[in-house]
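K.L.:
Here you go, one structure.
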Amino acid sequence: LVHNFRTLSAVSTTLDRWITNRLAAYKLGLIGSTDTHFGNPGDVGEETNNVQPRLGPYTGGLAAVLVPGRSRADIWAALQNKQCYGTSGGKIGLEFTARLADATAPMGGTLYHAADLDSNNFAQVNLHVRAEADSTNRIARVQIYRNGNLIVDVTNAAWGASAHVDAVDRLTRDFSYYRSKVWETARTLNTNCPFERAWSSPIWVERH
């Protein structure tokens, strides 16, 4: 969500480090938030006095959690389990899951395999994204990344307030992670950025 970020300070850099060192501390969940000192959390209304040049065309982000209820305990549990995601300010609904053999994991989860993976012995990972647009907007684009590399990029002019995307990936590495990104059409103050966006927490795949 950071505007004009430095590569070595980006979240994706930290996620990529897990692939090589496999320390659990590098398995991060993602959220969004505002980044000012005015004491107005969640104030993402795209009004002229909210938009600051140093933050880019957006006013900040929102944190979203996938919970069975709205109790404090449910929300904290979802954050601790990384069942959360961030948006650029729109209230976009996002569900992201992956299936490997008989196991399914939501965002924030981990899937395991026992065999060494390579180009001759790949794992079939089934990926699913469901997105719901905020208000009267529509879903415009759905992307899926593996280890920071774009592997699925889908647009569909027939999409309206919701979109479903299913994909299959042939995984050839023992340690990898997937994440999804959703684009939603929206009216913004900056006509060069006519989208709100949502970023999922990753789903990790690792060898036992």
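The values are calculated or read from the model by the stated rules, or taken from the named source; none is laboratory data. Note that the coordinates shown come from a computational prediction; the quantities given were computed from them, not determined experimentally. Every residue, glycine as well, gets a Cβ built from its backbone with ideal geometry; the counts of neighbours run over all protein chains shown. Please note that ligands, DNA and RNA were not included when accessible areas were found on the heavy atoms of the full protein model with its side chains. Shrake-Rupley method; radii C 1.70, N 1.55, O 1.52, S 1.80 Å.
K.L.:
What's the local net charge at residue 165, with K and R +1, D and E -1, over the other residues with C-beta under 15 Å away?
P.N.:
Charge balance near residue 165 sits at +1.
K.L.:
In addition: Please give the FRET efficiency for residue 101 paired with residue 149, using the beta carbon to beta carbon distance and R0 = 25 Å, rounded to the nearest 0.05.
P.N.:
With a Förster radius of 25 Å, E is 0.60.
K.L.:
Moving to a separate point now. How large a share of the accessible area of the range 136-204, in percent, is made up of carbon and sulfur atoms when the probe is 1.4 Å and the other protein chains stay in place?
P.N.:
Here it works out to 44 percent.
K.L.:
Mind listing the long-range amide H neighbours of residue 34? Cut-off is under 5 Å, sequence gap 5 or more, other chains count too, H placed in the peptide plane at 1.01 Å from N.
P.N.:
It is 42, 61, by chain and number.
K.L.:
Follow-up. With each label point set 7 Å from Cα along the Cα-Cβ vector, what nm distance links residue 16 and residue 138?
P.N.:
According to this spin-label approximation, the distance is 3.6 nm.
K.L.:
What net charge do the residues around residue 100 carry, taking every other residue with its C-beta under 11 Å from that of residue 100, with Lys and Arg at +1 and Asp and Glu at -1?
P.N.:
Neighbourhood net charge equals -2.
K.L.:
Still on this structure, I have one more. Which whole-number value in Å² is the accessible area per residue of the range 63-115, probe 1.4 Å?
P.N.:
Value for the range 63-115: 54 Å² per residue.
K.L.:
Compute the FRET efficiency between residue 91 and residue 40 as 1/(1 + (r/R0)^6), taking r as their Cβ-Cβ distance and R0 = 22 Å, and round to the nearest 0.05. Before the final figure, lay out the partial values.
P.N.:
Details: r = 17 Å, r/R0 = 0.76.
Here the calculated transfer efficiency is 0.85.
K.L.:
Still on this structure: Once label points are set 7 Å from the Cα along Cα→Cβ at both residue 168 and residue 115, what is their separation, rounded to one decimal in nm?
P.N.:
Computed distance between label sites residue 168 and residue 115 equals 1.5 nm.
K.L.:
Can you quote the Å³ per residue value for the convex hull of the Cα atoms in the range 45-187, rounded to an integer?
P.N.:
About 148 Å³ per residue, rounded to a whole number.
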